[in-house]
Each structure stands twice: as C-alpha cells, then as structure tokens.
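These notes are about the structure you will find just below.
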Amino acid sequence: MRVAAVAALILVAVATAGFEVRDWNDRPLTYGTVAVYDGGRLVAVTYVINGAAAYGLPWRPWYTLRVAWGLAALDELASGRVIWIYDSSVARDVAELGAPTSGKVRTWAFLVTITVRDRWGRPLAGCYAKVVDALTGGRWLSVFATTASDGSVSLFQAPATDYYVYVYCGQIMAATAKFSIQRGYPATAWNYEITVDYIETVKVSNAP
C-alpha cells in the first residue's frame, strides 16, 4: 500500500512533463514563464517557448501554478513585478483556461488591433505606433510598428494589462493614449481606435 502511494506521488510529480501553454485563441504562447508555488514558496520555474515548457514541473494537489508573460527573472517573480496571465488558485482561470493536470492551459493573452484615424474617421496609414505595457514602460511588451493602409497595427499576442500608445505621424508625436485589456473578456480579440484631431485631441474607445 505504501509503495503504491509513493508511486502515485512520483506520477503526479512528472505529470507536467510536456506541458503546453496557449493564448486565449488556443495558439502556442510565444514565450512565458511557468512558476510552481507551495503556498508562498517558489518550488520550480521553467520557460515556455512557442507553447512548450522547456522542462517538466513537480506537482502536488496543493501546489499553485502560475504563468507570467515573457521570460521573467527569479527576482521579478519574487517581487511580483510580472504580468500573470494564468493562476491555478483563481477558480475562473481553471474553469475557463484549464487545470494544470490537464497537460495544457490557455492564458489571458489576446490578439489586439489598434486603429488610428483622423477627425473625419479616415484611417491614417504610414504613421508609427509605439505600444508599451504600463507596468514597466516596455520591459514586458514594446512594439513599434507602421500603421497599415487601414490605419491599423496588430499585436499577435498581448497579455491582459494596461498599455500606453504613442502615435507619430510625419515624425511628430500626434497622439498618446492609454487602454486596458481585461482578464476573462469573452472575445477572440480586442480592438481599439485612436482618433487624431489636429494633434491636440485624442479619443480612445474600445470596440470589441
């Protein structure tokens, strides 16, 4: 009986080998950090590259598994200066994104489209949009891209957090704005519009 119990614990311990991490739309997460906690004590860490965990993780029923956006250092995990996009201690995360023991979890990382228009609603192509996470000013997400013919810039995967956007048209900063992506929003993507009105008035609206 004792031998069987020990064997069961060993099986649970290696159950997270081959663990997959995906975004909200079930695409492989480009990169992330998976951390396992025993209460407040950090037990193990591994990194995710293109949806696959680099190493297996120990697991017990009372452990907590969290996924952070990006490749976080140990001191960042310890200080909490990360963007958590999955937390098995949150019932909603487990219900909507999957349980650690399933071998795969999704995360609160979304496709985001930002569209820049002038005051008459016409798309502004050829402008530059710089998008950074508000928590660190770009440590976790920093994108600098040219707006397409429809005035848009797309972020393939963006974690649920706050962002700043800086729009440059003709090498002049034409607009600044702040927007938020919420955890648990039941949409496949987030869409934001920034209206540039004589480089003075900026309007940001969420249009999911």
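Of all the options ALA187, ALA52, ALA72, the one that moves most in a Gaussian network model of the chain with Cα springs shorter than 10 angstrom is ALA187. Once both labels are positioned 7 Å from their Cα atoms along Cα-to-Cβ, the gap between TRP120 and ALA95 label points is 5.0 nm. Using a Gaussian network model of the chain in which every pair of alpha carbons under 10 angstrom is joined by a spring, one finds that among VAL94, VAL48, VAL82 the greatest mean-square fluctuation is at VAL94.
Which whole-number percentage describes the relative contact order of the chain, with Cα contacts under 8 Å and a sequence gap of 6 or more?
On the way: 485 pairs, mean separation 34.5, N = 208.
Contact order relative to length: 17 percent.
For the chain, carbon and sulfur atoms together expose 56% of the accessible surface, with a 1.4 angstrom probe and every protein chain in place. Angle of helix 2-13 to the longest C-alpha principal axis of the chain, folded into 0 to 90 degrees and rounded to 10: 10°. Farthest toward the positive end of the dipole of the chain, out of GLY18, TYR168, GLY184, is the Cα of GLY18, where the dipole comes from beta carbon charges about the Cα centre.
About the Cα centre of region 64-191, what is the dipole size in debye to 20, counting +1 per Lys and Arg Cβ and -1 per Asp and Glu Cβ, all else neutral?
Details: 12 positive and 9 negative charges, 41 e Å.
In total the dipole reaches around 200 debye.
Looking at THR146, VAL45, TRP69, which one has the Cα that reaches farthest to the positive end of the dipole of the chain (charges on Cβ: Lys, Arg +1; Asp, Glu -1)? The listed residue farthest towards the positive side: VAL45. Mean residue ellipticity, 222 nm, helices only, the chain: the sum of -39500 (n - 2.57) across DSSP H runs of n ≥ 4, divided by residue count and rounded to 500, is -3500 deg cm²/dmol.
When the chain is treated as a GNM with alpha-carbon contacts under 10 Å, the residue of THR188, THR146, THR30 showing the greatest mean-square fluctuation is THR188.
Take the Cα of THR146, step 7 Å toward its Cβ, do the same at TYR31, and the gap between the two points is 2.5 nm.
The values are calculated or read from the model by the stated rules, or taken from the named source; none is laboratory data. Remember, it's a predicted structure, so these values are computed and weren't measured experimentally. Here Cβ is always computed from backbone atoms with ideal geometry, including for glycine, and neighbour counts include all displayed protein chains. Side chains included, ligands, DNA and RNA excluded: accessible areas come from the protein's heavy atoms. Shrake-Rupley method; radii C 1.70, N 1.55, O 1.52, S 1.80 Å.
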